[in-house]
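Below you'll find the structure, written out as structure tokens, and then a few comments.
Just so it is clear, none of the values below were taken in a lab; they were calculated from the coordinates. Keep in mind the model is a prediction, meaning the values are calculated, not measured. Every residue, glycine as well, gets a Cβ built from its backbone with ideal geometry; the counts of neighbours run over all protein chains shown.
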Amino acid sequence: MDLKEELRQIALDNDFQLFGVSNLEEVESTEYPEGRGLQKPSEIMPGAKSLLIFGKVLWDEGMNLSVSSAGEADFSGGGSLEYYNFYYNLVENLAWRACNTIVDRFGAKAIPAVTIHLKVAAMLAGLGWIGHNTLVITPEYGPRVRWVGVLTDLELEPDQPFTEDLCAKQELCKERARCVRSCPYSAIIPGPSQGVEPGKKVDQDMCVVQHVFDVKPAPEYEKHIRRVTPRGMLECTLCNLSCPYGLKVEEEIIPARRGQVKE
């Protein structure tokens, strides 16, 4: 087994379903949207030689739990805001386990990275296409995947970028993408994400996810905030759940995970 396949197996052994090697230089040089708290790979691990991308299928909506204090801030965690995404903690924790194996087995450096531009990195790793809702659409699971990068000083050849426009070939999205239609606030600007300035494809002022930060959300947003506790919410995933490529998760993976497989 060559090095890349060994690393793929380490990812699978740590409950990830997707693995690829991204182009570190292109992720470093790509344009990053402002106000999202993202970092260049070199800011996290100077001297990294490769960027691994792990993808985990979120088969239960409970994994989309977010907890925040009430205030005015943005997704960078600026201001007085406390903001926690369960899925980031989940994939980062699993990635640390994988990193420990990489360190022990190969004597290499390896650290997780959830603040790089993971969508671009996943596409460059050949794992999926950035769809109309700006999420990475994978052929296997649609957009129901959360990503984490692993920066390492191991030298690996990057995989080929994903170039198939999955949105354009999807019959159910020919007239208008289902993710665009699913948003109750028309926050997603219609059309492909390619060619749109980073951070401008989704109107953050309209998106319900942004309004969970509000001290007292307006009634029209409260309607689509799924509260678990007063400040604990399941993020709005309507555009995610509407994607036809995610049907495998709905029809096969979720029943299997819940022990509901038909005889």
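Structure data summary
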{"quantity": "Over the chain: helical MRE at 222 nm, DSSP H runs n ≥ 4 each giving -39500 (n - 2.57), nearest 500", "calculated": "-7000 deg cm²/dmol"}
{"quantity": "Calculated from backbone phi, Karplus (6.51, -1.76, 1.60) coupling profile of region 239-246 in Hz, x at Gly/Pro", "calculated": "5, 5, 5, 7, 5, x, 6, x"}
{"quantity": "Cysteines without a disulfide-compatible neighbour (Cβ-Cβ under 4.7 Å), the chain", "calculated": "CYS99, CYS167, CYS173, CYS183, CYS207, CYS236, CYS243"}
{"quantity": "Taking N as its residue count, the alpha carbon Rg of the chain over 2.2 N^0.38 Å", "calculated": "1.01"}
{"quantity": "Simple Cβ-charge dipole of the chain, Lys/Arg +1 and Asp/Glu -1, about Cα centre, in debye nearest 20", "calculated": "700"}
{"quantity": "Sorted by Cβ density within 10 Å, fewest first, the residues SER68, SER186, SER42", "calculated": "SER186, SER42, SER68"}
{"quantity": "Residue among GLY199, VAL67, THR115 farthest towards the positive dipole end of the chain, charges placed on Cβ", "calculated": "VAL67"}
{"quantity": "Highest-MSF residue in the chain out of GLY195, GLY232, GLY55 [GNM, Cα springs under 10 Å]", "calculated": "GLY195"}
{"quantity": "Highest-fluctuation residue, LYS174, LYS248, LYS201 considered, GNM on the chain with Cα pairs under 10 Å", "calculated": "LYS174"}
{"quantity": "Dipole magnitude (debye, nearest 20) for region 78-208, charges at Cβ of Lys, Arg, Asp, Glu", "calculated": "380"}
{"quantity": "Per-pair calculated FRET efficiency, R0 = 25 Å: GLU43 and VAL67 via Cβ, rounded to 0.05", "calculated": "0.45"}
{"quantity": "Order of GLU175, GLU140 - criterion: other Cβ atoms within 10 Å of each residue's Cβ, fewest first", "calculated": "GLU175, GLU140"}
{"quantity": "Global geometry of region 25-160, whether rounded, prolate or oblate, following the gyration tensor of its Cα atoms and the 1.5 cut on a/c", "calculated": "rounded"}
{"quantity": "Pairwise label distance in nanometres, GLU175 with GLN17, each label 7 Å out on the Cα-Cβ vector", "calculated": "3.0"}
{"quantity": "Lysine pairs in the chain with Cα atoms under 23 Å, if 8 or more residues apart or on separate chains", "calculated": "25"}
{"quantity": "Extension gain, LEU3 back to LEU247 (0.36 nm per residue minus Cα-Cα distance, nm)", "calculated": "84.5 nm"}
{"quantity": "For region 226-255 versus region 160-219, the gap between their alpha-carbon centres in whole angstrom", "calculated": "15"}
